[in-house]
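First up is the structure itself, then whatever we jot down about it.
The values are calculated or read from the model by the stated rules, or taken from the named source; none is laboratory data. All of these numbers come straight from a predicted model, not from anything done at the bench. Glycine gets a Cβ as well: all are built from the backbone with ideal geometry, and neighbour counts include every protein chain shown. Ligands, DNA and RNA are excluded from the accessible area calculation, which covers all protein heavy atoms including side chains. Shrake-Rupley method; radii C 1.70, N 1.55, O 1.52, S 1.80 Å.
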Amino acid sequence: MKKVLLLPVILLLLSLQSCEFAEDNPYYITYTGIDYLVIRYYWDSGTGGTDLDTRTAIVDPARNIDVGWARGATDGGFLEWGGDNTGVGYESVLISLRELATRYTGHRKFDIRMRAFWFSTRISGDINIEFTGYDGGRMVKDGYNWINQGGTQLGQATVIRNIVTQVGSNVDGDEAGIARYYVKDEVLEILDP
């Protein structure tokens, strides 16, 4: 059975001294055998707002192709957007780390940039961003979500962000952080904006 660990920085640095992680970041997820990563942006109307629009892009290697409302639904099979939720709930993006590693052999890390803004109504602006890794199987779109069939969920972690920008037009949005995946170490590091 695969294991996922969410550890404080000090413990991880003691056990993985060869890694390049930022010393002040408590969010590390060790995935063994990860093929897919799903990023889910969650919000509700009672606290967050309505109609959150997301922007997700691979910035290292420098692809810089946003997926999200008014931008695009895919980046060459590496990123797949789950669609535009104009109410409450979530939007999601599927990242094929297996495809990235195959195409960019020798690349030590992949950086996935996350941005968002409120198209309709902002209340508190609070959202959760969830990171879930999967080994094997195949990913299937289900509404705004991606589910894994026939594989194994390796684990998940969630961070809280506050999105300030509210505008009813096509903008880049607020920085929500970077999901950095270290290929050799099979570690996902979640960096603050």
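The figures follow:
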item: Filter result for the condition that a residue is farther than 21 Å from PRO193 by Cβ and either aliphatic (A, V, I, L, M) or surrounded by 17 or more Cβ atoms within 10 Å (Cβ to Cβ) (or both), over ASP84, ASP66, ASP35; result: ASP35
item: THR165 being over 17 Å from ILE39 (Cα atoms) and in contact with a Gly (Cβ under 8 Å, 6 or more places away or on another chain); result: yes
item: Where a residue in the stretch 53-74 is closer than 16 Å to TYR41 by Cα and its partner, wherever it lies, is of a type in the set (S, T, N, Q), with Cβ under 6 Å and at least six apart; result: ALA57/ASN64; VAL67/THR56; GLY68/THR54
item: Residue count for the stretch 180-193, restricted to those that are open to solvent by 40 Å² or more (accessible area, probe 1.4 Å) and either on the phi < 0 side of the Ramachandran plot or without any contact (Cβ under 8 Å) to a residue 24 or more places away in the chain (or both); result: 6
item: Among the residues listed as THR132, THR121, THR86, THR152, the single one being over 20 Å from TYR31 (Cβ atoms), in contact (Cβ under 8 Å) with a residue 40 or more places away in the chain and among the hydroxyl-bearing types (Ser, Thr, Tyr); result: THR121
item: Among residues of the stretch 141-179, those that are more than 19 Å from THR56 (Cα to Cα), open to solvent by less than 40 Å² (accessible area, probe 1.4 Å) and within 18 Å of the chain's Cα centre (by Cα), counted; result: 3
item: Enumeration of residues in the stretch 95-124 that are within 16 Å of ARG63 (Cα to Cα) and aliphatic (A, V, I, L, M); result: ILE95, LEU97, LEU100, ALA101, ILE112, MET114
item: Within the stretch 111-121, tally of residues that are over 11 Å from the mean Cα position of the chain (by Cα) and within 22 Å of VAL67 (Cβ to Cβ); result: 5
item: Search result, residues across the stretch 123-152 that are touching a Phe, Trp or Tyr at 6+ places or on another chain (Cβ under 6 Å) and within 15 Å of ASP35 (Cβ to Cβ); result: GLY133, TYR134, MET139, ASN148, GLY151
